Protein chains: 2
Amino acid sequence: MLALAGYPLSIRCRHIGGPDDTSAREVADYVVAPQGDADALVKFARSVDVVTYESENVPVEAAEQIAQHARIYPSARVLRVSQDRLFEKQFFASHHIATAPFARIDSRADLDAAIERIGLPAVLKTRRLGYDGKGQAVIRSREDADAAWKQHGSVPLILEGFVRFEREVSIIAVRSPSGDTRFYPIVENHHEAGILRLSLAPAPQLTPALQHKAEALAATVLEQLDYVGVLAIELFQCGDALLANEMAPRVHNSGHWTIEGAVTSQFENHLRAILDLPLGNTDAIGHAAMINLIGSIPTLPDMLRFGDTHVHLYGKTPRPGRKVGHITVLNEDAVMLRKRVEEIRARLALQD
Amino acid sequence: MLALAGYPLSIRCRHIGGPDDTSAREVADYVVAPQGDADALVKFARSVDVVTYESENVPVEAAEQIAQHARIYPSARVLRVSQDRLFEKQFFASHHIATAPFARIDSRADLDAAIERIGLPAVLKTRRLGYDGKGQAVIRSREDADAAWKQHGSVPLILEGFVRFEREVSIIAVRSPSGDTRFYPIVENHHEAGILRLSLAPAPQLTPALQHKAEALAATVLEQLDYVGVLAIELFQCGDALLANEMAPRVHNSGHWTIEGAVTSQFENHLRAILDLPLGNTDAIGHAAMINLIGSIPTLPDMLRFGDTHVHLYGKTPRPGRKVGHITVLNEDAVMLRKRVEEIRARLALQD
């Protein structure tokens, strides 16, 4: 989607990655390189104007190598903070951004002490490489703690206290090298089994006060990291309060609605930011819902028979739990939109 | 723009053409073949599901060759009618669609007789291969007639009477193999030196009656040609009447506004039609203006500093009179839109 957003602006993308990324290979120039191939990275970096990434699991060392030969946005420092749940939470805390209570877990003793301090239920998470609910275990009892430790104890962990939140929301922000910053309206996210299923944009009943609070929080993160590009921050809303859950230093699934639902998409704005071009208008156009296609794809004729939807397929082979596309639904009215989402899900037999 | 519209639907385009089409080569698979290479055409046709074209100047013979090996939409018959101004006008006339008075000109005597019948001023046009005002000469006097004959007399011609029209408009329609048909709102087109400069969509002061008249006219053309794909018909508006000027059997410059200004773009709808997928919603979203970039391209930072525009560059080298991109301006209010168009043109030093 980044490469596709670039074409109309005469921005051409070249990708580097493993041999299996069919999505990227079909839409733009693609260099296959095994992870850790420093020569390939250097050659790649020298062949482009600026480098970015679409996963926070890129090795920090790779980003640092690239930085010696090309601009890379967001920076290697951003990557270091955001790919480790502990560093991320510590970063939030050090800038007075509220989070769930958390503790670093390097041993079984750490875990017991943390449960004592934070209480149960709590969630034990791997610090790195978790996504879509992977690498997580909910602990409700001593027995759960034993099982979770047995399952995950071999890698660095973090324990996070359960938050009694009303809903999960996220804010997508974008910042250019000159410090110009824009924010999209907060969206409401619905997960199932740890995987994002549905985003509603703007979040229903979004108040200016809540939007302002999220923007202030995101502005702090952007400034403190001297951030360049699109950033997503996932938040828990508890009444008027927002707790930071995690951040993603990249275009984000909860921002896919912006392709049709906002004046400028997150993809175009990410390209604009990393190329130091003027940022685009982030206003929403009416109301939008983004329904993820997970594990399977309905037929094109079935998906294209609605007059209020846009279909995006990623060219990926369906596998259980894999995001293979999304459908954006647009409506001028938030209540009608919700109704349409349920109708469309039912007609396409998509799970909630 | 067709190839880009295909990616999100997992529709992959392969192009065949000459060595100089840099636009198409950068966005999708591209087969270079000299014109008239029948073997290359056959091989190409056998490698795809369906063939279409984006110029009415494709040789009819090529379309017929392809038709023996693959579906081709619109059909070779459509191509034959629409690439010859005389056949086109005769087709309109035979289906009771009003046009300017016209006459077939094969000799100087034909020209004199036609001027006698139609009167002056009139326009002498080559029947084939004219576009953007090329191959045309206005005749206001006997001397003009001599000069026009000297300039164009070596090829088949048509003389067309001058029409005192109020404005030029166009309608974009789309039809699927099953006969399902959709129409975009009429747009108002502004030409300068024979080249489209600006389209306003929907056409200012568009009445339901005028839209209905244009749709009925377009429906006749689509049905009579058993048409599949997007069709553009350029029209002269004279009071309540519409005169057909010409048709283009393809996605059309006056429909580029649909990328952001309509629910479904003409590009996506053309793909849907030729693949026999359900057609998309053709409703306009507010008001849109399409400003062509002709002969030169302002800098990206200059073009991206507006909050209400979308930039589309075609990857073509600028040459005088060459369309190298367009800017779409969106506004909820038609009057404000017009004002913004003038402001943006002035700030980018684009000519009227």
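The values are calculated or read from the model by the stated rules, or taken from the named source; none is laboratory data. This is a predicted model, so every value here is computed, not measured. Quick reminder, even Gly has a Cβ in these numbers, built from the backbone with ideal geometry, and neighbours come from all protein chains shown. Only protein heavy atoms, including side chains, enter the accessible area calculation; ligands, DNA and RNA are left aside. Shrake-Rupley method; radii C 1.70, N 1.55, O 1.52, S 1.80 Å.
Per-structure values
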read-out: Cα-projected label distance for B:Leu129 with A:Arg167, points at 7 Å along beta-carbon direction, nm; value: 6.3 nm
read-out: Ascending list, in nanometres, of distances separating the B:Glu332 label from those of the other copies (7 Å, Cα toward Cβ); value: 0.9
read-out: Theoretical FRET efficiency, 1/(1+(r/R0)^6), r = Cβ-Cβ of A:Asp226 and B:Arg77, R0 41 Å, to 0.05; value: 0.05
read-out: Carbon + sulfur, % of accessible area of the range B:167-351 - ligands and nucleic acids excluded, 1.4 Å; value: 51 percent
read-out: Complex-versus-alone comparison for the range B:295-326, residues with a loss of 40 Å² or more in accessible area, probe 1.4 Å; value: B:Leu300, B:Leu304, B:Gly307, B:His310, B:Leu313
read-out: Largest to smallest principal axis extent of the C-alpha atoms in the protein assembly as shown, angstrom; value: 105, 50, 47
read-out: Ranked order, A:Met336, B:Met303 - accessible area, probe 1.4 Å, largest first; value: A:Met336, B:Met303
read-out: Kyte-Doolittle mean at least 0.0 and Cα axial length at least 18 Å: DSSP H helices in chain B; value: B:208-224
read-out: Per residue value of the accessible surface for the range B:101-161 (all protein chains in place, 1.4 Å probe), Å²; value: 53 Å²
read-out: Tensor-based shape of chain A (alpha-carbon gyration tensor, a/c under 1.5 rounded, otherwise prolate or oblate); value: rounded
read-out: Shape of the range A:55-166, Cα gyration tensor, a/c cut at 1.5; value: prolate
read-out: Delta accessible area of at least 10 Å² on complex formation, residues of the range B:1-24, 1.4 Å probe, chain isolated as reference; value: B:Leu4, B:Tyr7, B:Pro8, B:Leu9, B:Ser10, B:Arg12
read-out: Surface accessible to a 1.4 Å probe, B:Arg71 within the full protein complex, Å²; value: 110 Å²
read-out: Difference of contour (0.36 nm per residue) and Cα-Cα distance, B:Ser154 to B:His212; value: 16.8 nm
read-out: Summed buried accessible surface, chains A and B, 1.4 Å probe, nearest 100 Å²; value: 2500 Å²
read-out: Residue-averaged [θ]222 nm for chain B, counting only DSSP H segments that reach four residues, each worth -39500 (n - 2.57); value: -9000 deg cm²/dmol
read-out: Nitroxide proxy distance, nm - points 7 Å out along Cα→Cβ at B:Glu116 and B:Asp180; value: 5.5 nm
read-out: Computed lengthening from A:Arg319 to A:Ser296, 0.36 nm per intervening residue step minus Cα-Cα distance; value: 7.6 nm
read-out: Probe 1.4 Å - accessible area at A:Ile16, Å² to nearest ten; value: 50 Å²
read-out: Two-decimal ratio, the range B:124-208, of alpha-carbon radius of gyration to 2.2 N^0.38 Å; value: 1.44
read-out: Low-density loop cleavage sites - GluC sites (Glu not before Pro) in the range B:91-197, where at most 12 other Cβ are within 10 Å (DSSP); value: B:Glu166
read-out: Accessible surface of the range A:101-161 [probe 1.4 Å, protein heavy atoms]: carbon and sulfur percent; value: 51 percent
read-out: Other copies of B:Leu129: label-to-label distances in nm, shortest first, labels 7 Å along the beta-carbon direction; value: 6.4
read-out: The range A:125-214: trypsin sites (Lys or Arg not before Pro) falling in loop per DSSP and having at most 11 other Cβ within 10 Å; value: A:Arg140, A:Arg164
read-out: Rounded D (µm²/s) - the range A:2-82, Kirkwood Rh over Cα pairs, Stokes-Einstein at 4 °C, 1.567 mPa s; value: 99 µm²/s
